[in-house]
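Colleague: To start, I am sharing the structure in question, which I have written as structure tokens.
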């Protein structure tokens with residue numbers, strides 16, 4: 001049986017050497033959540049939170065993932081008779097490698113650790129997977145991991161057999177530079193493009209919503225760049241993340257200087273940080289604003305106005321109704337999802353069920369996953385601001401929220417500022433229009449662009465759903 005206490009110890013030991021770690025599935029090799037390249041860390045408190053069970057007080061048997069951005073790790077495989085080890089020895093004999101740390105995998109393979117030399121854009125060094133259809137350029141049976149890749153860390157266990165050091169690393173800072181012949185074979189094409197050529201049609205940069213999301217990310221989620229610990233790679237990744245929200249190059253530099261740079265060790269000079277931000281905007285793979293609401297969601301015009309169809313209550317005779325032809329249906333925007341194939345990004349949905357059947361828990365689970373941008377039971381979500389109208393007050397809700405955060409390793413004060421806003425107020429959906437409009441105005445004033453509004457009421461008045469416009 002896996003010693004779960006030692007699993008935490010192994011994660012902390014790797015982090016102390018400067019390796020950025022994150023949890024993998026117990027007895028497995030896959031991350032437990034999405035977004036691990038940005039969440040991987042060397043912070044001991046965060047790591048203890050990830051590997052600790054808040055219910056039992058013990059530890060969870062997560063294996064340890066090591067993020068390889070800024071590193072270059074080769075993986076010659078021996079499983080099933082693969083010739084990876086033989087081909088690696090041939091390469092080493094011909095081209096040579098400096099002394100470097102090595103781990104042995106449970107199947108007899110190896111992981112060889114190097115860091116990328118200074119001055120190399122980490123995103124230009126990719127991952128290699130040897131397969132039957134495409135042989136690795138390093139030789140049959142040899143994989144490689146670098147930008148946004150990972151390997152299983154020493155101490156992790158598969159079917160009772162551990163990953164173990166053969167030649168242990170002292171620290172990431174002491175890793176030798178990867179030889180040129182390995183880097184050249186792992187290079188991938190990254191095309192430099194002008195910012196304007198990447199901007200999607202209809203996207204406005206530097207909107208209040210984009211700046212809010214970018215600022216929150218920099219203050220609460222962005223990893224700090226540490227010299228000698230992949231600092232160049234971290235700065236590049238953070239700048240790319242800000243760019244993805246739909247922030248211009250100039251504003252990104254300003255935000256990084258104001259909300260992130262002081263936490264780096266040491267802080268970047270404005271000139272050096274400007275260069276890092278510039279590289280992110282030149283070499284990023286995705287379009288600028290790819291994570292913005294404008295690019296992830298269909299435009300949301302008033303559908304009735306868009307196709308000139310008045311929406312009226314049943315029984316109204318104030319206006320003549322209009323029947324839709326098939327061609328009119330083409331003009332209705334397609335639906336998009338905030339929780340893929342579960343929760344639509346637009347429209348009204350009622351979550352109904354018997355008393356104590358878990359309606360509030362389900363709605364709360366949705367809302368917190370969306371606010372934190374983490375998958376909902378393995379289903380992809382789009383991170384957005386969330387408004388939770390708690391008609392029964394915030395007291396009982398507080399315990400539920402804290403229990404959820406502990407179960408998701410997000411209970412530390414550094415995670416307190418997620419865009420999840422609770423409005424403890426009684427709501428009558430059949431109230432007069434001025435009162436309803438007042439509630440809508442308050443929500444818009446506090447949160448201009450919410451992705452989800454939950455109205456949690458104890459009892460839906462009879463006829464409320466049919467009475468809603």
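Colleague: For segment 189-212, which positions are touching a helix residue (DSSP H, G or I) at 6+ places or on another chain (Cβ under 9 Å) and modelled with pLDDT of 65 or more?
Modeller: 200, 202, 203, 204, 205, 206, 207, 209, 210, 211
Colleague: Given the conditions (1) touching a strand residue (DSSP E or B) at 6+ places or on another chain (Cβ under 7 Å); (2) not in a strand (DSSP E or B), which single one is not true for residue 73?
Modeller: Checking residue 73 against (1) touching a strand residue (DSSP E or B) at 6+ places or on another chain (Cβ under 7 Å); (2) not in a strand (DSSP E or B), the one that fails is (2).
Colleague: Filter segment 213-229 down to residues that are out of contact with any helix residue (DSSP H, G or I) (no Cβ under 8 Å at 6 or more places or on another chain) and within 16 Å of residue 122 (Cβ to Cβ) and give me whichever is surrounded by the most Cβ atoms within 10 Å (Cβ to Cβ).
Modeller: Going through the qualifying residues, I end up with 229.
Colleague: Hey, another quick one. Could you give every pair whose Cβ atoms fall below 6 Å, whose first residue belongs to segment 404-425 and is in a loop (DSSP other than H, G, I, E, B), and whose second residue is surrounded by fewer than 17 Cβ atoms within 10 Å (Cβ to Cβ) and modelled with pLDDT under 85, counting only separations of at least 6 or pairs across chains?
Modeller: From residues that are in a loop (DSSP other than H, G, I, E, B), the pairs are 417/220.
Colleague: Shifting gears a bit: Can you name every residue in segment 381-403 that is outside any helix (DSSP H, G or I) and surrounded by 14 or more Cβ atoms within 10 Å (Cβ to Cβ)?
Modeller: Residues satisfying the conditions are 381, 382, 383, 384, 385, 386, 387, 388, 389, 390, 391.
Colleague: Answer yes or no as to whether residue 374 is assigned by TED's automatic domain parsing to the domain that holds residue 456, assigned to a loop (DSSP other than H, G, I, E, B), surrounded by 14 or more Cβ atoms within 10 Å (Cβ to Cβ) and modelled with pLDDT of 75 or more.
Modeller: Yes: the conditions hold for residue 374.
Colleague: Residue 137: within 27 Å of residue 6 (Cα to Cα), in contact (Cβ under 8 Å) with a residue 40 or more places away in the chain and in a loop (DSSP other than H, G, I, E, B), yes or no?
Modeller: No; evaluated as a whole, the condition is false for this residue.
Colleague: With surrounded by fewer than 17 Cβ atoms within 10 Å (Cβ to Cβ) and either modelled with pLDDT of 95 or more or touching a helix residue (DSSP H, G or I) at 6+ places or on another chain (Cβ under 6 Å) (or both) as the only criterion, which of 114, 95 stands out?
Modeller: Only one candidate passes the filter, namely 95.
The values are calculated or read from the model by the stated rules, or taken from the named source; none is laboratory data. Note that this is a predicted model, so its numbers are computed, not measured. When we count neighbours, we look across all protein chains shown, and the Cβ atoms used for this are built from the backbone with ideal geometry, even at glycine.
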